[in-house]
Each structure stands twice: as structure tokens, then as C-alpha cells.
Amino acid sequence: MLQIKTFVFNPYQENTYLIIDENKNCIIVDPGMHNYIEEKQFSDYIAEHNLKPIYLINTHGHIDHVLGNKYVADTYGLTPQFHEGELPLVIQVQNYAPQMGIRYEPSPIPATFLTENDTITIGDETIRLILAPGHSPAHLCLYSESNNFLIGGDVLFKGSIGRTDLPGGNHQQLLNSIATNIYTLPEDTVVYPGHGPTTTIKEEKQSNPFIRG
């Protein structure tokens, strides 16, 4: 059984996740730490719970989701993994972060990239990657069927959807991704979004004003 720990980091109030298995292995998803206080909070939790980070995954390449990539790489020896279609966005962050007054150390770039056909294994559990572009060009979500959850990044929020006015955004493409790739998951799937509280597929299909099921 997998557990999820949520941190809220940086001025964008981004959700950083740890996916933790029974043997204390963990996957770091979208590390958003942007200062020493947040870095310490994050690493202290891992140390206090004797966790062993084994993967670093970015759902997409916008600034608030990659701010902690370099810290995680330096601290735990993990190279970030993301879809190749997000590479231009990840590279762009180092150009505009200073203009926004945000401390940023450029993210390491992986030698290989994730695709929507890949799975991630943690212990006895398998996590499937779902491609859901629209908020960004090659946004990936992490879905665990056996644990009934989706790490959704900035695709679907409680009562809302991801912005499409940022680099690589496409509103109709995002709506299509949600309808085709997200709303087809079981309705009791718990969605852990990139910002804000959790929700379920059923709740959003019934009440989300942007796209109904």
C-alpha cells in the first residue's frame, strides 16, 4: 500500500508530493522548494521518517514544479525525470526566474526521458504514466490503479482546471485531455493536484464548471 505526503511550497503554493511504500522507499514528485527553510523542512521529514528517495519525477516543466530539482539532485543523487516535450519549459525557467525575484538553481537535464508508455515501479507497486497535454505541451500524470489515486499536476483541480495562458498552453487540448485521459479513470479515484485540495474524478465530473463528465 502506498502513502502520499503533501508539502505546500513556494509563492505559488505548489503541492510537492512524496509517494511512499511500505519499505520506506519514496518517489519525489514536483519538488517546489524555493528557499533554505523549505529545503530543510523537506529533508528533515525524509530523515526523520528514514525514507529512501528512489525517483524524482516532474509532471511538467513550469517554474513552481521544478524549483527544487537541483536541491534534490545534489542531496539524494537523483536526476529529474520528465517527458522530452517539457524540456524547453524546464530550460526557460533559468531565464525568467530572476526577473520574478525567485532564487533558482538550474535543473539537471536527464539523458533519457519519460513517455506515456512508461511505468514506474516502487516496491511491489506499479504507477502508470498518463499523457495529458494542454496546460503544458507534454504534461504527465501518475496513476496508481491499485491504490486508487492520481498525481495530476496542473491538469485538473478541485472546481477548476490548469491555466492555458502560460508557455505551451492550449485550452481545447487541455479539455480533450481531461475528457479522454482523466475522466475515463474510475470515479472514486482520488486526485492529488498541483495546487489546492484533493478531489475525486466523480466530484469533478459532476460539478467542475469548466468541464463536466
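Points to keep in mind about this one:
- Heavy-atom accessible area with a 1.4 Å probe sorts Ser43, Ser146, largest first, into Ser146, Ser43.
- Ranking Thr112, Thr198, Thr164 from most to least accessible surface, computed with a 1.4 Å probe over the protein chains only, gives Thr112, Thr198, Thr164.
- The Cβ shell under 12 Å around Asn23 holds other residues with a net charge of -2, Lys and Arg each +1, Asp and Glu each -1.
- Under 26 Å from Lys52, Cα to Cα: lysines that are on another chain or at least 8 residues apart: Lys5, Lys24, Lys40, Lys70
- Protein heavy-atom accessible surface, 1.4 Å probe, per residue over the stretch 55-127: 45 Å².
- Dipole of the chain, positive direction: furthest Cα of Gly168, Ile20, Pro106, with charges on the beta-carbon: Gly168
- The residues of the stretch 1-44 have, on average, 44 Å² of accessible surface per residue, using a 1.4 Å probe with all protein chains present.
- Annotation for Tyr36 and Glu105: the two label points, set 7 Å from Cα along the Cα-Cβ direction, are 1.2 nm apart.
- Given charges at beta-carbon only (K, R positive; D, E negative), |dipole| of the stretch 97-174 in Debye: 300 debye
- The share of accessible area on the chain that comes from carbon and sulfur is 49 percent, using a 1.4 angstrom probe.
- Cβ-based net charge around Leu67, under 11 Å, with every Lys or Arg adding one and every Asp or Glu removing one: -4
- Hz values of 3J(HN,Hα) by residue in the stretch 176-187 - Karplus curve (6.51, -1.76, 1.60), Gly and Pro given as x: 5, 4, 5, 5, 8, 10, 10, 5, 8, 6, x, 5
- Considering only alpha-carbon pairs that sit under 8 angstrom and 6 or more positions apart, the relative contact order computed for the stretch 19-124 is 29 percent.
- Annotation for Phe210 and Gln172: the two label points, set 7 Å from Cα along the Cα-Cβ direction, are 1.7 nm apart.
- Full-stretch length increase - Tyr45, Thr75 - with 0.36 nm per residue and alpha-carbon distance subtracted: 9.4 nm
- The stretch between Lys24 and Glu84 holds 18.7 nm of extra length on full extension. This uses 0.36 nm per residue minus the Cα-Cα distance.
- Loop-located trypsin sites (Lys or Arg not before Pro) in the stretch 44-140 whose Cβ has at most 13 other Cβ within 10 Å (DSSP): Arg103
- For the chain, the Cβ-based charge dipole about the Cα centre amounts to some 320 debye (Lys, Arg positive; Asp, Glu negative; other atoms uncharged).
- For the pair Asn117 and Ile91 in one chain, pulling the backbone fully straight at 0.36 nm per residue adds 7.0 nm over the alpha carbon distance.
The values are calculated or read from the model by the stated rules, or taken from the named source; none is laboratory data. These figures come from a predicted structure and were not determined experimentally. Methodologically, a virtual Cβ is constructed for each residue, glycine included, from the backbone with ideal geometry; neighbour enumeration extends over all protein chains shown. Keep in mind that these areas ignore ligands, DNA and RNA; they rest on the heavy atoms of the full protein, side chains included. Shrake-Rupley method; radii C 1.70, N 1.55, O 1.52, S 1.80 Å.
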